[in-house]
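First up is the structure itself, then whatever we jot down about it.
The values are calculated or read from the model by the stated rules, or taken from the named source; none is laboratory data. Keep in mind that this is a model prediction, so the values were computed, not measured. Here Cβ is always computed from backbone atoms with ideal geometry, including for glycine, and neighbour counts include all displayed protein chains.
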Amino acid sequence: MNIHYFSGEAWEEAYVREKLTNEQITFHEKPLSAYPDLTDPEATVLSIFIDSPIGEAELDRFPAVKLIATRSTGFDHIDLAATKARGITVATVPSYGENTVAEFAFALILALSRRILEAEALVQSGAFSPSGLRGFDLQGKTLGVIGCGHIGMHTIRIANGFGMKVLGFETHPDEARARDNHFTYASLPDLLAQSDIVSLHVPYNPHTHHLINKDNIGMMKKGSYLINTSRGAVVETEALVEALRNGTLAGAGLDVLEEEGDLNDEMVLLAQPHPNEAALRITLENHYLISHPRVIVTPHAGFNTTEAVIRIINTTLDNIRNFAADTPTNIVPAP
């Protein structure tokens, strides 16, 4: 196979070559978008990360591709209609670290509940006093988990360890699993109304686009917190900003944002002959979130542990080998 591997860290090249000894592999440390002139009429596999959107234009540059092996669970960065039309298989990494992202979600929760970043900044400024840094206990509080899949369930188990009450929401409830893991299913409005902290663990698709929005964010318990380690567009940014401004939310922990790629491109957006008003608005709202004293924003880092990255790569290499052996694994169903 002729493989192009994008967004690879330097150490990954030797690791991957050792595992795929008989394949032709071209490594690129940057995402596909960084190589707009790159073409390869003989490439059969593209291995990408979420920072490499693939649509018709990208596929035109690699006309022989048969497999896109994304090193992620989500696949919303890939145009599935385009891949289906060309007979291209898309493989993902469905489970690489439910504990990894769940632990990160709780890192955000703890940082907010105990005001850790504010405390560290105060010490850095030369002050050494707990004055103004009073937080709150997690024990006895209610955590609402939206999306009770692999990551959501691990989040629930961690919450149990903190002595929290847990409410869960998903489209297909499993009451036996709820009993075994000591949580209760609730409707989305009830979960929002009763939870002190809401944590999002859903994939991004048309059904979850703006799942939290201006029509329902006002249902959230006054003074509650929102944690998002899933995808930025699961939350309507405008609604989130307004909820922070009017006090519905006391704060938020966000590992993802809408329009993440435009955070440093305001001048580019403004200079366009016909600026994308929606993208520009979201970008400016993102800056409000980043500068908010009770909002923690991290750069889509929830997956990023040594153990999880190794699991991601190993699963991706298995997907490539299995596809070559005509026993494909972890395939995304065609739309």
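Search segment 285-312 for residues that are more than 30 Å from V16 (Cα to Cα) and assigned by TED's automatic domain parsing to the domain that holds A105 and pair each with any residue that is part of a helix (DSSP H, G or I) and of a type in the set (S, T, Y) when their beta-carbon atoms are under 6 Å apart and the residues are at least 6 apart or on different chains.
Once the first residue is more than 30 Å from V16 (Cα to Cα) and assigned by TED's automatic domain parsing to the domain that holds A105 and sits in segment 285-312, its partners that are part of a helix (DSSP H, G or I) and of a type in the set (S, T, Y) give E285/T237.
Restricted to segment 207-248, and to residues that are of a type in the set (S, T, N, Q) and not in a loop (DSSP other than H, G, I, E, B), which residue is nearest to V101 (Cα to Cα)?
Top of the filtered list is N228.
Condition check ((1) more than 30 Å from L133 (Cα to Cα); (2) at pLDDT 95 or above; (3) in the same structural domain as K141 (by TED's automatic domain parsing)) across all residues:
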residue: D51; (1), (2), (3): yes, no, no
residue: E58; (1), (2), (3): yes, yes, no
residue: F62; (1), (2), (3): yes, yes, no
residue: K66; (1), (2), (3): yes, yes, no
residue: R71; (1), (2), (3): yes, yes, no
residue: T83; (1), (2), (3): yes, yes, no
residue: V90; (1), (2), (3): yes, yes, no
residue: L112; (1), (2), (3): no, yes, yes
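Take G161 and decide whether it is modelled with pLDDT under 95 and under 22 Å from L108 (Cα atoms).
So G161 does not fit the description; no.
Check off (1) more than 20 Å from the chain's Cα centre (by Cα); (2) among the charged types (D, E, K, R); (3) at pLDDT below 95 for E285 and give me the number that stays unchecked.
Among (1) more than 20 Å from the chain's Cα centre (by Cα); (2) among the charged types (D, E, K, R); (3) at pLDDT below 95, the lone unmet condition for E285 is (1).
So which pairs qualify, if the first residue must be in segment 185-207 and farther than 27 Å from P94 by Cα, the second must be crowded, with 16+ Cβ neighbours inside 10 Å and of a type in the set (K, R), the Cβ gap must be under 8 Å, and the two must be at least 6 apart or on different chains?
L192/K221; A193/K221; Q194/K221; S195/K221; D196/K141; D196/K221
How many residues does segment 21-45 hold that are out of contact with any strand residue (DSSP E or B) (no Cβ under 7 Å at 6 or more places or on another chain) and hydrophobic (A, V, I, L, M, F, W, C)?
2
From the list S113, S125, S129, pick out the single residue that is closer than 29 Å to I158 by Cβ and of a type in the set (S, T, N, Q).
Just one listed residue meets the conditions, S113.
Evaluate the following for F169: is it aromatic (F, W, Y) and closer than 15 Å to I227 by Cβ?
Yes, satisfied.
Out of segment 82-132, which residues are more than 23 Å from V202 (Cα to Cα) and charged (D, E, K, R)?
Across segment 82-132, the qualifying residues are K84, R86, R114, R115, E118, E120.
In segment 140-176, which residue that is among the polar types (S, T, N, Q) and touching a Ser or Thr at 6+ places or on another chain (Cβ under 9 Å) is nearest to I197 (Cα to Cα)?
My answer is T142.
Scan segment 122-139 and tell me whether some residue there is in contact with a Gly (Cβ under 7 Å, 6 or more places away or on another chain), at pLDDT 95 or above and not assigned by TED's automatic domain parsing to the domain that holds L38.
Yes: one or more hits.
Loosely packed, with under 15 Cβ neighbours inside 10 Å and either among the hydroxyl-bearing types (S, T, Y) or more than 30 Å from A81 (Cβ to Cβ) (or both) - does that describe any residue in segment 226-246?
Checking segment 226-246: at least one residue is loosely packed, with under 15 Cβ neighbours inside 10 Å and either among the hydroxyl-bearing types (S, T, Y) or more than 30 Å from A81 (Cβ to Cβ) (or both).
For segment 1-41, which positions are without any contact (Cβ under 8 Å) to a residue 12 or more places away in the chain and among the aliphatic types (A, V, I, L, M)?
A14, A34 - these are the residues of segment 1-41 that are without any contact (Cβ under 8 Å) to a residue 12 or more places away in the chain and among the aliphatic types (A, V, I, L, M).
Does I331 count as at pLDDT 95 or above and either assigned by TED's automatic domain parsing to the domain that holds D79 or surrounded by fewer than 14 Cβ atoms within 10 Å (Cβ to Cβ) (or both)?
no
What's the total number of residues in segment 292-328 that are among the β-branched types (V, I, T), surrounded by 15 or more Cβ atoms within 10 Å (Cβ to Cβ) and farther than 18 Å from T229 by Cα?
Residues in segment 292-328 being among the β-branched types (V, I, T), surrounded by 15 or more Cβ atoms within 10 Å (Cβ to Cβ) and farther than 18 Å from T229 by Cα: 4 in total.
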